Amino acid sequence: MRQQAPYWKKAPFLRFLSPLVAGILFASYWLSEECGITKTSSLTWIGLLLTASLLFGTRFTSITIRHKLNWLIGLLINIMFLCLGVILFQQNRISNKPNWIGHVLPETVAVLGSPATLASHGKKSGRVTFLVDYRITNNGMILPASGTILIYLPSQQAADFFPGDRWLISAKRIKAIKHSGNPGSFNYARYCQRKKIYHQVYLWEGDTKLVSRQKGFSISRLLAMGQISALRSIRQTVPEESRGLAMALLIGYRNEMDKDLLQAYTNTGVVHVIAVSGMHLGLIFLLLQNILLLPEKKYPLARWLKAVIILAITWWFSGIAGGAASITRAAFMFSVVLFARLINKPMDAIQSLSLGAFALLCYNPYWLWDAGFQLSFAALLSIVLYQPLIQPLADFRNKILQGIWQLTAVTISAQILTLPISIGQFHQAPMYFLVANLIAVPLSGIALVTAIIQWILSSINIPVSIAGEITGLLIRLMDAAILHINSLPGAVLNNLQWHPVQTWTAYLIITCFSLFLLHRYKPYFLLALLGTILFGAWHFKSIYEGKEQQFILIYHFPGHSMTELITGLESTRFHPPDSSIRPALMDAQRFYHLEKTIYKGAKIIRSGKFILGIPVNLNDVMPLLNVGADYLMLGKHTRSISSFMNRIPPDCLVIMDGSISEWRAAEWSKQLELAGIRYHNTWQSGALIIDL
């Protein structure tokens, strides 16, 4: 029997992927933005060219010498792709560009550019992703600029923004996107930066001016028209209670989806059915394959024509759905598979996956941190590796039972490598994912087909809405099932706090235990056992550190105050709770492993010689300063600091939290800095942790 070749021989891109990822990580975590692109890129290019030259030189040596230098050739290849990863990351880092708007914002009065996509509408306002092309300086000069800004403005005004149109935007209120600093909370600033967005602005009437409407063809305008067409077909034909999910299912548009329903889909592990990805493109691919009946046998060129049409529609749909990492991955891999079939050279699944990951990271290295990218590749890799092992465990003669078992095998396989990412990034694990997927996947698949049919009918002005009504019915059935599963006891394990070390250890355990089951080689089992011990030890280390912790945490919540004294696994909060900030407080509770929390009112927090003063109003400030407060926290009830600023001792730190308006906190910061008084402004520096 012929022995199967190992994956690294069948998939050479798998070997290139590791050093590429290493180079991206090195550039991200060890090369700061202050390093600049010129010096770093020059050195990296030298390393890349040098290793490439050495590799080329080995081609002129004898076979014997090349065989002896195999280790050196391998090392040079790894160094070459590591350098490539560094170069790609530095080239994609927008802040490295000399004309980036962030470098020259203080000298800019307005920016000129165009919307990248249609506006996303909320309840009161709309959000537009705006691409900057030029800036107008204080002295009236128009200079080239680059960057992306998130614009928030009234919904009616946001509807006027269309991709390709040229707009002039006032720069006076443009500000950097900053992390709140609240422990355990989602770092929105870092999320935006990895999408090359560093700034945002809230605009009102008079802050914008339309310069020109685009005339002629543009890809962004074509995609926007497609998105409008899809949304219009859903709004006109699908019943109202199902429209939000239908839009999400068809093109990934979630702005009108109910948040509680979205959370239910997340809790039950079926949110992937409304995240446009491989399943969607696979159905479109199959539909096009069966619809486009061309005389391929008679005219060989018809095969290529059919492939071009399929790929054009596939990539067009990917763009309409937002061009996220997961759907771009699916579109690229379908393209590779289709091309391989055309030239009669089928590609191995692992080779296709590694090639897809390599190509996408070369296009956008920041996708390495994208949850959709990670889950998409992890799910597909998990299915490729584990489905062939799980599916033979049962065999049914009945076609329906066999189909259910095949879907079960796929669902279980996909969970194996995606679960650590889900827990590490989203801190929860669905318990009834198998039942939920057995219901949601078939229903959503049929609903997607009917939604596409309705979209086509509406686009060609055929006044038939039966497909849209069927879509609505299927979605209502699916919603009812998912909401019921979500209401069952223990539907989801929440507040799971894994350190990145634990996530990687989980993958070590899975890999070693899988290899042990395949080869029955005891060292693999011992490595899996060692990984389990390491995982548990890290957990107990976290609990031990939690029992020893003692500090005061002052959160940053716009419009709200919250101060928390954390002692061991217990905490005391000194402001009344508010429903709007509860999720962030739950994040901190999970992050610090807190088991008990109480609320109380107090103007003074004492711990040993430490005193924190929390004045309720202006009259409380002087008494707190007189008792020798080490920290003085100012909130929304403090209207002015001029009456007591000269009484603040030099060793007292003045804290301004988010309940104070941002402009007032900035003004007070300037006054305190001129007076030589120490201060902490949570609008500028995020949440404050005072170690006790």
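Less than 29 Å apart at the alpha-carbon level, and either on another chain or at least 8 residues along: which lysines does that give for Lys522?
Once the sequence-local lysines are set aside, what remains near Lys522 is Lys9, Lys10, Lys541.
For the chain, take the longest principal axis of its alpha carbons; what is the angle in degrees between that and the long axis of helix 349-363, to the nearest 10 within 0 to 90?
40
Just to verify a number: FRET efficiency for Glu662 and Asn461, C-beta to C-beta distance, R0 = 45 Å, to 0.05?
0.35
If the cut-off is 22 Å between C-alpha atoms, which lysines fall inside it for Lys297, apart from same-chain ones fewer than 8 positions away?
Lys306, Lys345
Using a 1.4 Å probe on the protein heavy atoms, what percent of the accessible area of the range 519-581 belongs to carbon and sulfur?
65
Throw me the Rg/Rh for the range 169-238, computed over C-alpha atoms with Kirkwood Rh, two decimals.
Rg divided by Rh gives 1.11.
Just give me a number: lysine pairs in the range 175-270, eight or more positions apart or cross-chain, with C-alpha atoms less than 22 Å apart.
So the count of such lysine pairs works out to 5.
How big is the Rg/Rh ratio for the range 417-575, C-alpha atoms only, Rh by Kirkwood, two decimals?
Using only Cα positions, Rg/Rh for the range 417-575 is 1.16.
Mind checking the full-extension length gain between Lys175 and Leu286? Use 0.36 nm per residue of separation minus the Cα-Cα distance, one decimal, nm.
Full extension from Lys175 to Leu286 adds 35.3 nm.
Counting other Cβ atoms within 10 Å, keep those with at most 15, restrict to DSSP loop, and tell me which chymotrypsin sites (Phe, Trp or Tyr not before Pro) in the range 369-405 are left.
Loop-located and lightly packed - Phe396.
Any chance you could check the Cα centroid distance between the range 456-507 and the range 282-353 for me, in angstrom?
If you average the Cα positions of each part, the centres end up 26 Å apart.
Calculate one ³J(HN,Hα) per residue across the range 402-417 by plugging θ = phi - 60° into the Karplus curve 6.51 cos²θ - 1.76 cosθ + 1.60, and present them in order as whole Hz with x for glycine and proline.
Karplus-based 3J(HN,Hα) across the range 402-417 equals 5, x, 5, 5, 4, 5, 4, 4, 5, 4, 5, 4, 5, 6, 4, 9 Hz.
Once you put a point 7 Å from the Cα of Tyr507 and another 7 Å from the Cα of Ala371, both along the Cβ direction, what distance in nm separates them?
Here the modelled spin labels are 1.8 nm apart.
Using only helices, what value at 222 nm comes out for the chain when you add -39,500 (n - 2.57) per DSSP H run of length 4 or more and divide by the total residues, to the nearest 500 deg cm²/dmol?
Taking each H run of at least 4 residues, the total per residue is -17500 deg cm²/dmol.
Short version: ³J(HN,Hα) in whole Hz for each residue of the range 474-481, in order, from phi by Karplus 6.51 cos²θ - 1.76 cosθ + 1.60 (θ = phi - 60°), x for Gly and Pro, what are they?
Whole-Hz 3J(HN,Hα) from phi for the range 474-481: 4, 5, 5, 5, 5, 4, 4, 5.
Along the Cα→Cβ direction, 7 angstrom out, place labels at Lys124 and Ile400. What is the inter-label distance in nm?
5.3
Could you tell me the calculated FRET efficiency between Ile219 and Arg520, based on Cβ-Cβ distance and R0 = 56 angstrom, to the nearest 0.05?
My answer for the efficiency is 0.55.
Search the structure for amide H atoms under 5 Å from the amide H of Tyr198, placed 1.01 Å from N in the peptide plane, and list their residues when 5 or more places away or on another chain.
Thr148
Which label belongs to the value computed from this structure, given these candidates for log10 I(q)/I(0) by the Debye sum over Cα atoms at q = 0.06, 0.08, 0.09, 0.12 Å⁻¹: (i) -0.36, -0.65, -0.82, -1.36; (ii) -0.39, -0.66, -0.80, -1.18; (iii) -0.44, -0.80, -1.02, -1.65?
For log10 I(q)/I(0) by the Debye sum over Cα atoms at q = 0.06, 0.08, 0.09, 0.12 Å⁻¹, the calculated option is (iii).
Restricting to the chain, what percent of DSSP beta bridges are antiparallel, rounded to 5?
Rounded to the nearest five, the antiparallel share is 75 percent.
Under a 1.4 Å probe, what is the accessible area of the chain per residue, stated in Å²?
Value for the chain: 53 Å² per residue.
For the Cα atoms of the chain, what angle does the longest principal axis make with the long axis of helix 301-320, in degrees from 0 to 90, nearest 10?
10
Once phi is turned into ³J(HN,Hα) by the Karplus curve 6.51 cos²θ - 1.76 cosθ + 1.60 with θ = phi - 60°, what whole-Hz value does each residue of the range 675-692 show in order, with x for glycine and proline?
For the range 675-692, the Karplus-derived couplings read 7, x, 9, 5, 8, 9, 9, 5, 5, 9, 10, x, 4, 10, 10, 9, 6, 9 Hz, x marking Gly and Pro.
Once you mark the GluC sites (Glu not before Pro) that are in a DSSP loop and have at most 13 other Cβ atoms within 10 Å, what is the longest gap between them in the chain?
206-594
Can you give me the distance in nm between label points at Leu438 and Met645, each placed 7 Å from the Cα along the Cα-to-Cβ direction?
If labels sit at Leu438 and Met645, their model points lie 6.9 nm apart.
Would you compute, for the Cα atoms of the range 308-361, the largest minus smallest coordinate along each principal axis and list the three values in descending order, in whole Å?
So the three principal-axis extents are 31, 26, 12 Å.
Carbon-plus-sulfur fraction of the accessible area of the range 289-364, 1.4 Å probe, in percent?
70
Out of the chymotrypsin sites (Phe, Trp or Tyr not before Pro) in the range 186-286, which ones are loop residues according to DSSP with at most 13 other C-beta atoms within 10 Å?
Trp204, Phe217
Take every DSSP beta bridge with both residues inside the range 511-610 and express the antiparallel ones as a percent of the total, to the nearest 5.
Percent antiparallel among DSSP bridges in the range 511-610 is about 75.
Select from the range 479-555 those trypsin sites (Lys or Arg not before Pro) which occupy a DSSP coil region and have at most 14 other Cβ atoms within 10 Å, ordered by residue number.
Of the trypsin sites (Lys or Arg not before Pro), the ones in loops of the range 479-555 whose Cβ has at most 14 other Cβ atoms within 10 Å are Arg520.
For helix 278-291, what angle does its Cα long axis make with the longest principal axis of the chain, in degrees from 0 to 90 and rounded to 10?
Roughly 40 degrees, rounded to the nearest 10.
Give me, ordered by chain and number, the residues 5 or more places off Val276 or on other chains with an amide H under 5 Å from its own placed amide H.
Residues meeting the amide H criterion: Gly252.
Starting from the amide H of Ile611, placed 1.01 Å from N in the peptide plane, find each other amide H under 5 Å away whose residue is 5 or more places distant or on another chain.
Asp630, Tyr631
The values are calculated or read from the model by the stated rules, or taken from the named source; none is laboratory data. Just so we're clear, the structure is a prediction, and the values are computed from it rather than from any experiment. Positions of Cβ are backbone-derived with ideal geometry, glycine not excepted, and every protein chain shown enters the neighbour counts. Accessible surface is based on the protein model in full, side chains and every heavy atom, while ligands, DNA and RNA are left aside. Shrake-Rupley method; radii C 1.70, N 1.55, O 1.52, S 1.80 Å.
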